[in-house]
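Notes follow the structure.
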Amino acid sequence: MGSHRNGFKKESYILSVDVGTTSIRCHVYDKEAKIRGSCSTKVVLLYPEVGHVEMDPDDLWKGFISVVKGAVQDAGIQMHQVEALGISTQRGTFTTWDRRTGVPFHNFISWQDQRAADLVKSWNRSCTMKAIHGAMKVLYFVTRQKRLLAASLVVFSTQHVTFRLVWVLTHYTQVHEAIDEGNCCFGTIDSWLLFKLTKGHLHATDYSNASSTGIFDSYQMCWSGFLSSLVSLPLSIFPKMADQQAAMFGECCFDVGDVKITMGTGTFMDINTGSKPHTSVAGLYPLVGWKIGSEVVYLAEGNAADTGTAIKWAQKLELFSDVRETSAMAYSVSDSDGVCFVPSFSGLQAPLNDPKACASLMGLKPSTTKSHLVRAILESVAFRNKQLYETMLRETRIPITKIRVDGGVSSNDFVMQLTSDLFGKKISRPQHHEMSCLGAAFVAGLEVGFWRTREELKKLQSADDEFSPQCADKECTGSPNGEYVPILQSWERALRRSMNWYNKP
């Protein structure tokens, strides 16, 4: 839980909770955005069937209450000294529950879950989708409205809630019955926590979580009646909207062209696109970063689902005992000895978008050591970063102003230096890696006047570690060092061989 700290009783604080994929963390922040108390607990993932990833709602609620109480105790303060509570949650993980009793009908279905993969694939290839794409292209040609261009390019993904929710409606009769009775609530983790905290009085979500479901129209800022009717989802079950969100607040990425890369269980790369959502052809997703008052800030996001997952898998295989050893192990060998690792336990996301891809290790030899394997795994994380970054540059055509990283995997110096080399850009890493928690605290603090302006928040940022590209040429244009060209080519070949692995013959 951390060491006990005695706070001044007259001081006030901000409490912030981050509900991640593998852990729930709570921090108590003072006026200088310093952590005065902390507590965390693990999230237990359930795998009832192949491709199914779930979480127990009751365990999640107990964990939430536990870390809040623990952090307040660790800070040595009283609950009445807390001015506001900020909450940041993993997105795309949802459940449905009884509106009257608050009891969930089923476990949370995780954003990593693949149960709807076949449904997604069949819809994306359907005549209906082809007809929609064709009609929207014609309308876009006539009107030049970007919203119609987006509709002409839209494809469904397993990470979106859409078809996992369709799966629930198909397989759980009690959910259908509750909908018919007007007694069913749907929500991502933030909605469910808010419902519990208000004892059932508030069924709401924020724009950032809503815009990541695949059922929200980021152009119109409302639930999409068209998409809901297309796949037979009743709008009556969806939560109301609330004006708040952390997103890139913790990194103070307030300006167009600011890039934030969160590397935890998965990698999430976001670029601030300003007041307009981005229309993508390669799988970047337009998100609402935050809505505060009348201001709406949009992001374009690409992600890789299995960053920390791959490293934890390697630890379970006893390739190393402590994650902190991995950077030194990678540096202890000059290369991976031709070994390539494809980090796709949950399929491949943008720009490849293949939910049927498998994770794989290729190029093993009798000379391969644990250090070679570890280096190959860490290299794969940086290679996926490069894929996402190049897609973002090519699609948005927005000049990058700064790149900031956070999340547990960002503490790995090997991954950070290789990512900087492959980008040809300087990367900043804050000393405090848990930006989701800090971002939620910043938004909550601004709302209650604990902090006044965003400029004040920028001044609170701690000193950064910086990684600059060590390029073979002096210009560092973003092209990889010559030594990495053949390695990247081999890895991309391994990537292609891993695709469509789980397709039925």
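The values are calculated or read from the model by the stated rules, or taken from the named source; none is laboratory data. Remember, it's a predicted structure, so these values are computed and weren't measured experimentally. When we count neighbours, we look across all protein chains shown, and the Cβ atoms used for this are built from the backbone with ideal geometry, even at glycine. The area values use the complete protein model at the heavy-atom level, side chains included, leaving out ligands, DNA and RNA. Shrake-Rupley method; radii C 1.70, N 1.55, O 1.52, S 1.80 Å.
Listing for the model above:
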quantity: Test set (1) at pLDDT 95 or above; (2) among the acidic types (Asp, Glu); (3) open to solvent by 30 Å² or more (accessible area, probe 1.4 Å); (4) farther than 30 Å from Asp118 by Cα - Asp30 fails condition number; calculated: (3)
quantity: Test: Glu318 is of a type outside the set (Phe, Trp, Tyr) and open to solvent by 30 Å² or more (accessible area, probe 1.4 Å); calculated: yes
quantity: 3 or more residues surrounded by 24 or more Cβ atoms within 10 Å (Cβ to Cβ) and not aromatic (Phe, Trp, Tyr): qualifying helices (runs of 4 or more DSSP H) within segment 326-423; calculated: 370-396, 413-423
quantity: Qualifying residue in segment 118-130 (condition: within 25 Å of the chain's Cα centre (by Cα) and crowded, with 19+ Cβ neighbours inside 10 Å); calculated: yes
quantity: Boolean, Val50 is of a type in the set (Val, Ile, Thr), closer than 24 Å to Thr309 by Cα, under 24 Å from the mean Cα position of the chain (by Cα) and open to solvent by 50 Å² or more (accessible area, probe 1.4 Å); calculated: yes
quantity: Scan of segment 126-140 for residues that are in contact with a helix residue (DSSP H, G or I) (Cβ under 9 Å, 6 or more places away or on another chain) and of a type in the set (Lys, Arg), ordered by number; calculated: Lys137
quantity: Flag if Ala357 is farther than 19 Å from Leu495 by Cβ and among the hydrophobic types (A, V, I, L, M, F, W, C); calculated: no
quantity: Number of positions in segment 137-166 that are within 16 Å of Leu235 (Cα to Cα) and aromatic (Phe, Trp, Tyr); calculated: 1
